[in-house]
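The values are calculated or read from the model by the stated rules, or taken from the named source; none is laboratory data. Please read these numbers as outputs of a predicted model, since none were measured by experiment. Heads up, the Cβs are rebuilt from the backbone with ideal geometry, glycines too, and the neighbour counts pull from every protein chain shown.
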Amino acid sequence: MPQPHDAPDARELVAAVREFLERDVLSTLEGRTRFHGLVAVNVLGMVERELALGPGQERAHAARLAGLGFDDDAGFAAAIREGRLDDRYDEVKEALLETVADKLAVADPAYTG
């Protein structure tokens with residue numbers, strides 16, 4: 001846990017709120033309010049996954065970019081737009097697929113099957 005904070009950490013707090021909404025609140029809601037409650041539960045799940053997976057995904061993404069010769073997404077995107085990576089199609093495709101898989105693992109793990 002990052003200093004100077006005590007338990008529970010951010011991940012545990014988010015999980016507690018999500019679980020409260022799922023167990024105690026959603027069953028009492030109807031219509032539009034229930035829909036927004038479901039959205040809130042989904043968002044909190046995404047936050048939990050980003051807190052858990054984010055640091056590793058950040059390191060992996062930086063390594064992918066470095067392997068292609070870039071420090072950041074902006075330089076990578078510019079190179080793609082300018083056609084400077086056309087001869088490295090397979091490498092670029094693999095890096096992009098891995099990046100999308102990381103994003104889906106946070107946004108909705110069901111898509112990564």
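Data table
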{"read-out": "Residues located in segment 46-76, provided they are under 10 Å from the mean Cα position of the chain (by Cα) and of a type in the set (Gly, Ala, Ser)", "value": "ALA52, GLY54"}
{"read-out": "Qualifying residue in segment 26-45 (condition: buried (at least 16 other Cβ atoms within 10 Å of the Cβ) and in contact with an Asp or Glu (Cβ under 8 Å, 6 or more places away or on another chain))", "value": "yes"}
{"read-out": "Given (1) in contact with a helix residue (DSSP H, G or I) (Cβ under 9 Å, 6 or more places away or on another chain); (2) surrounded by 12 or more Cβ atoms within 10 Å (Cβ to Cβ); (3) part of a helix (DSSP H, G or I); (4) not hydroxyl-bearing (Ser, Thr, Tyr), index of the condition ALA62 fails", "value": "(1)"}
{"read-out": "Among the candidates ASP102, ASP90, residue that is buried (at least 16 other Cβ atoms within 10 Å of the Cβ), part of a helix (DSSP H, G or I) and at pLDDT 95 or above", "value": "ASP102"}
{"read-out": "Near pairs, Cβ below 8 angstrom, 6+ apart or cross-chain, from segment 60-80 (over 13 Å from THR99 (Cα atoms)) to any residue that is assigned to a loop (DSSP other than H, G, I, E, B)", "value": "LEU68/LEU85; ALA79/PHE70; ALA79/LEU85"}
{"read-out": "Given (1) surrounded by 15 or more Cβ atoms within 10 Å (Cβ to Cβ); (2) assigned to a loop (DSSP other than H, G, I, E, B); (3) not hydrophobic (A, V, I, L, M, F, W, C), number of the condition ARG84 does not satisfy", "value": "(1)"}
